[in-house]
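Written out below as structure tokens is the structure these notes cover.
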Amino acid sequence: GAASKGDYRHFMLKEIHEQPAVIAAALEGRLGERSVLVESFGPEAEVLFRQVRQIHIVACGTSYHAGMVARYWLERFAGVPVQVEVASEYRYRQVVVPEGTLFVTLSQSGETADTLAALRFARERGYLASLAICNVPGSSLVRESDLTLMTQAGPEIGVASTKAFTTQLTALMLLTLALGRVRGLDEAVQADLVAALRGLPGLVERVLALDPEIEALSMAFAEKHHALFLGRGAHFPIALEGALKLKEISYIHAEAYPAGELKHGPLALVDSEMPVISVAPNDELLDKLKSNLQEVRARGGVLFVFADEQVGMAEEEGVHVLHLPHVHEALAPILYTLPLQLLSYHVAVLKGTDVDQPRNLAKSVTVE
Ligand code: G6P
């Protein structure tokens, strides 16, 4: 049943391995042949989506990182300006709400106190409508929102969120394409992304098969006290999520930076005791990364690079490369999350922490 670990040592590992199936479930019944079915968001969605001029996304923790990725997608494919904020900050601001603003909450549980309070605050502020992307049917957030899209990840027991995050991202790509569709996104672009989404569960499966290689990399982290994650564009939030996972379950201090900011501070911290993890799916980033790489190497830093197999980045002294299968560039943030989840998991196991119940943390933060 859902509350059993089956053959897995921890719920977290089981939930990581459920991702091909739950991503498929999140897509089920929501894709047409060449576009997303807008009615997946409810019967009123089409009329409302036509009126959207702006989006405010509010969430906490891992869900907030999903919102940060969505900003890149929504601006690029739906042409809508997006703001993303953590609920505990949003709800205490004098928020200005322009006409036609859609309010979006993201939450695994649908019960996070700050996210729920933010929704209640937003309901008094003249938003066009509220949409909850959530994993728990019947949760407070779902009950109190105008539109809902369920992420279909099934119960998540591990405190560190894994499958809830990748299904949120999947749902957010559906939102992007639904909004894009009513706003005239090029049909070929829609068809291309829909086809890529269909192929995603299979690619996720292939990345999970790299587990032994990722486990081997984890040895280099067990004795370290700090780690730095770098990413650019939509992979900056993925770097943030990788750092959060490592902090949460292995208790190693980890920070994430947009790769272009390396020179503006974090480079001062790099030495042989500070591994640097880079999420580098595309050529554009790889070119810039090569020079960052020299800088990290020059300070004795050891690099761990997750890169697309088609750009063929070479291993060298102090540079470990793990190649991932090629994926539609827009969906890469989903795929590149997986090795970071597995890396944190194996580091935590090596360190002997309580993976499913990390100290001081709760699955659902229902008090402020
Ligand atoms: C807690 C959990 C995180 C989760 C966050 C937001 O901090 O440990 O895994 O991302 O709450 O939870 P939600 O249920 O709103 O997504």
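Bear in mind that the values in this text are calculations on the coordinates, not laboratory data. Small disclaimer: the values here were computed from a predicted structure and weren't measured. Because the Cβ atoms are built from the backbone with ideal geometry, glycine has one as well, and the counts that use them run over all protein chains shown.
Quick notes on this structure:
- Taking the stretch 67-93 as the range and being away from the ligand (no atom under 16 Å from the Cβ), assigned to a loop (DSSP other than H, G, I, E, B) and without any contact (Cβ under 8 Å) to a residue 60 or more places away in the chain as the test, the residues that pass are PRO81, TYR92, ARG93.
- Taken over the stretch 332-358, residues that are of a type in the set (D, E, K, R) and either in a loop (DSSP other than H, G, I, E, B) or within 18 Å of ALA239 (Cα to Cα) (or both) amount to 2.
- Residues of the stretch 177-233 classified as within 30 Å of ILE55 (Cβ to Cβ), under 21 Å from the mean Cα position of the chain (by Cα) and of a type in the set (A, V, I, L, M, F, W, C), total: 14
- The one condition from (1) over 21 Å from LEU27 (Cα atoms); (2) away from the ligand (no atom under 16 Å from the Cβ) that LEU240 does not meet is (2).
- The residues of the stretch 119-141 that are in a helix (DSSP H, G or I), within 15 Å of the ligand (Cβ to nearest atom) and over 21 Å from the mean Cα position of the chain (by Cα), listed by number, are LEU119, ARG120, SER140.
Residue-wise test of (1) away from the ligand (no atom under 16 Å from the Cβ); (2) in contact with a His (Cβ under 7 Å, 6 or more places away or on another chain).
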site	(1), (2)
LEU172	no, no
ARG198	yes, no
LEU217	yes, yes
LEU262	yes, no
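- The residues of the stretch 273-290 that are in a loop (DSSP other than H, G, I, E, B), touching a Leu at 6+ places or on another chain (Cβ under 8 Å) and within 22 Å of LEU335 (Cα to Cα), listed by number, are PRO275, PRO281.
- Verdict on SER40 being among the hydroxyl-bearing types (Ser, Thr, Tyr) and under 29 Å from VAL182 (Cβ atoms): yes
- Residue tally, condition surrounded by fewer than 19 Cβ atoms within 10 Å (Cβ to Cβ) and within 17 Å of VAL22 (Cβ to Cβ), over the stretch 118-149: 1
- Only one of the numbered conditions (1) touching a helix residue (DSSP H, G or I) at 6+ places or on another chain (Cβ under 7 Å); (2) under 30 Å from ALA196 (Cα atoms); (3) not basic (Lys, Arg) is violated by LEU102, and that is (1).
- All positions within the stretch 94-118 that are more than 15 Å from the ligand (Cβ to nearest atom), aliphatic (A, V, I, L, M) and either without any contact (Cβ under 8 Å) to a residue 40 or more places away in the chain or not in a loop (DSSP other than H, G, I, E, B) (or both): VAL95, VAL96, LEU102
- Some residue of the stretch 220-235 being aliphatic (A, V, I, L, M) and out of contact with any helix residue (DSSP H, G or I) (no Cβ under 7 Å at 6 or more places or on another chain): yes
- Number of the condition not met by TYR64 [criteria: (1) part of a helix (DSSP H, G or I); (2) out of contact with any strand residue (DSSP E or B) (no Cβ under 7 Å at 6 or more places or on another chain); (3) within 12 Å of the ligand (Cβ to nearest atom)]: (2)
- Among the residues of the stretch 302-319, those that are surrounded by fewer than 20 Cβ atoms within 10 Å (Cβ to Cβ) and in contact with a helix residue (DSSP H, G or I) (Cβ under 6 Å, 6 or more places away or on another chain) comprise VAL311, GLY318.
- Search result, residues across the stretch 256-272 that are under 29 Å from PHE77 (Cα atoms) and in a helix (DSSP H, G or I): ALA259, GLY260, GLU261, LEU262
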